[in-house]
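One structure is given below, encoded as structure tokens.
Just so it is clear, none of the values below were taken in a lab; they were calculated from the coordinates. Fair warning: this is a prediction, and the values are worked out from it, not measured in the lab. For neighbour counting, all protein chains shown are included, and Cβ atoms are generated from backbone atoms with ideal geometry for every residue, glycine included.
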Amino acid sequence: MTEQQAMLSPLTILDKIKENNVTHVIYLPDSETNHLFIAMEEDPNIQVITVGREAETMAIAAGVIVGGKIPVCLVQNTGMMESGDSIRGLGLDCNLPIVMIIGYRGWTRWGITPDSAARLTEPTLNAWGIQYYLVEHDGDADRITLAFQTAAATQKPVAVLVGDEYHGFNRMNLDEERKIIKEG
């Protein structure tokens, strides 16, 4: 696998969001997702709603669903844990098909996870009964669509864990990536 294939591109994530008819992206901006944020802000078909705390994403997503639109929540795994009560009360108890794209902070494919956030992410999702899919690179991106399909079929929240926390997102700027895609 080449370095380019091993990357998870913010444009790939945005394409999958759009392919699944997402109208609203609710998230807490951070440095890891900056290029994705820029791409989403530039897209006229996506309404980006920023929050002050990750727990707010679930309430806003619930409102978006009630309004007949399709949300996705972008949070980091630490924020997912901070959001536990809103995930439980709104997502699980109200049977809302909310897809959460979660930055898997501290995760490595080698199992060396000194960061407790990484060690607790999957056990937390399992304890809540939330199905999840791991996405490490562009080749895994179809799992995002699978997450939307699962959420719709089960009427429950589903998580997409972004392995290595968007590792490829900051290797090149968005304009360079668009040029590579256009030429390729």
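Pairs of Lys residues in the range 3-183 that lie 8 or more places apart, or on two chains, and have C-alpha atoms under 27 angstrom apart add up to 9.
As a proxy for reagent exposure, Glu41, Glu183, Glu122 were ordered by neighbouring Cβ count within 10 angstrom, fewest first; the result is Glu183, Glu41, Glu122. Considering the range 3-183 at the alpha-carbon level, its Rg and Dmax are found to be 15.2, 48 Å. The H on the amide N of Thr23, modeled in the peptide plane, is under 5 Å from the matching H of Ile70, each at least 5 residues off or on a different chain.
Residue separation of Ser116 and Ile38 scaled by 0.36 nm, minus their Cα-Cα distance, works out to 25.1 nm of gained length. Does the range 35-87 come out rounded, prolate or oblate by the C-alpha gyration tensor, with a ≥ b ≥ c the root eigenvalues, rounded set by a/c under 1.5 and, if not, prolate when a/b is larger than b/c and oblate if not? Note, shape of the range 35-87 comes out oblate. Proximity of backbone amide H atoms, modeled 1.01 Å from N, is registered between Tyr132 and Ala159 at under 5 Å, excluding neighbours fewer than 5 places apart on the same chain.
Proximity of backbone amide H atoms, modeled 1.01 Å from N, is registered between Val51 and Tyr27, Leu28 at under 5 Å, excluding neighbours fewer than 5 places apart on the same chain.
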